[in-house]
Each structure stands twice: as structure tokens, then as C-alpha cells.
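Some notes on the structure that comes next.
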Amino acid sequence: MQYKRSDRLGLEMQRALADILRNELHDPRIGTLCSIIKVELSNDLQYCKVFVTVYGSEEEKQQTFIGLEKAKGFIKRQLSERIQVRKMPELTFVPDDSIAYSIHISELLHQIKEEEK
């Protein structure tokens, strides 16, 4: 299978972003249960969507995204030190609720199974 350059760079950026969030970023607004689910780069490598999931209350989720937006410059600088690209893409942090949604569906299926018994 042949991957596009944007796919390969996206995977590398995902690894680097996860490491930066875990080890470099010390903002108290960013929760410890915050993880990078997926990174999508545009074909021209100018824009990058970072899908982030946060486990916690709505207030914690909002604070995490506020912290990520405020730390965007620091994150881009750290990425540029780790990944060699001509121009670092513009980062956009997008909430991803797929894990919470799958847990909710699993609970509903379990509830239906219990009702059938």
C-alpha cells in the first residue's frame, strides 16, 4: 500500500504531539486524560487538524481546549524542532468524542441485552 506524504507526516506529527502533550506541556488547564486520536493534514501540508479526546466533565474539556489554543505557538515550535518541514502547518484542535460515543453505544447494547433477559 502506498501512502501519501501527508499521511506519513500526519503519523509522525501525531507521535510528536502526543509526546509534547505528555512531557513538555505543563499547563494546568490541559487534563491528564487528554489524547491525540488522529491528525489530518491537507494535501498541500498547510493545514493540520488535530483530533483530541478528553475524558472528564464538560468544564475540563473546555479548559483543555482553551489551554491547547493558548499553547499553540509553543506546540508548533516544539514540532518544528522534532520534524523537518519547510513550513509548519497551521494547527487546529478539534474535539473528538468517538470514544465517549462508543462507550455510550456499548452501554445501550448492554442495557438492551439485560432487558431481553
Extreme residue, positive dipole direction of the chain, given options ILE37, LEU11, THR64 (C-beta unit charges): LEU11
Accessible surface, the chain, averaged per residue in Å² (probe 1.4 Å): 70
Heavy-atom SASA rank of LYS72, LYS38, LYS113 (probe 1.4 Å, accessible area, largest first): LYS113, LYS38, LYS72
Local electrostatic count at LEU91 - Lys and Arg +1, Asp and Glu -1, tallied over other residues with Cβ under 10 Å: +1
Tilt relative to the chain, helix 98-116 - C-alpha long axis, 0 to 90 degrees, to 10: 10
Accessible-area composition of the range 20-114, carbon plus sulfur, in percent [1.4 Å probe]: 53
Whole-Hz couplings from phi, Karplus 6.51/-1.76/1.60, listed for the range 52-58; x for Gly and Pro: 10, 10, 10, 9, x, 6, 5
Structure-derived log10 I(q)/I(0) by the Debye sum over Cα atoms at q = 0.12, 0.20 Å⁻¹: which label, when the choices are (1) -0.38, -1.11; (2) -0.57, -1.01; (3) -0.50, -1.06: (3)
Computed magnitude of the charge dipole of the chain (debye, nearest 20; Cβ of K, R +1, Cβ of D, E -1): 780
Local electrostatic count at ILE103 - Lys and Arg +1, Asp and Glu -1, tallied over other residues with Cβ under 14 Å: -3
Bridge type composition, the chain - antiparallel percent by DSSP, nearest 5: 55
Lysine pairs within the chain, Cα separation less than 26 Å, 8 or more sequence positions apart or different chains: 22
Helix 5-19 axis, angle to the chain major axis (alpha carbon atoms, nearest 10°): 70
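The values are calculated or read from the model by the stated rules, or taken from the named source; none is laboratory data. If you're wondering where the values come from, they're calculated on a predicted model, not measured in any experiment. Every residue, glycine among them, receives a Cβ derived from its backbone with ideal geometry; neighbour counts consider all protein chains shown. These accessible areas exclude ligands, DNA and RNA; they are computed on the full protein's heavy atoms, side chains included. Shrake-Rupley method; radii C 1.70, N 1.55, O 1.52, S 1.80 Å.
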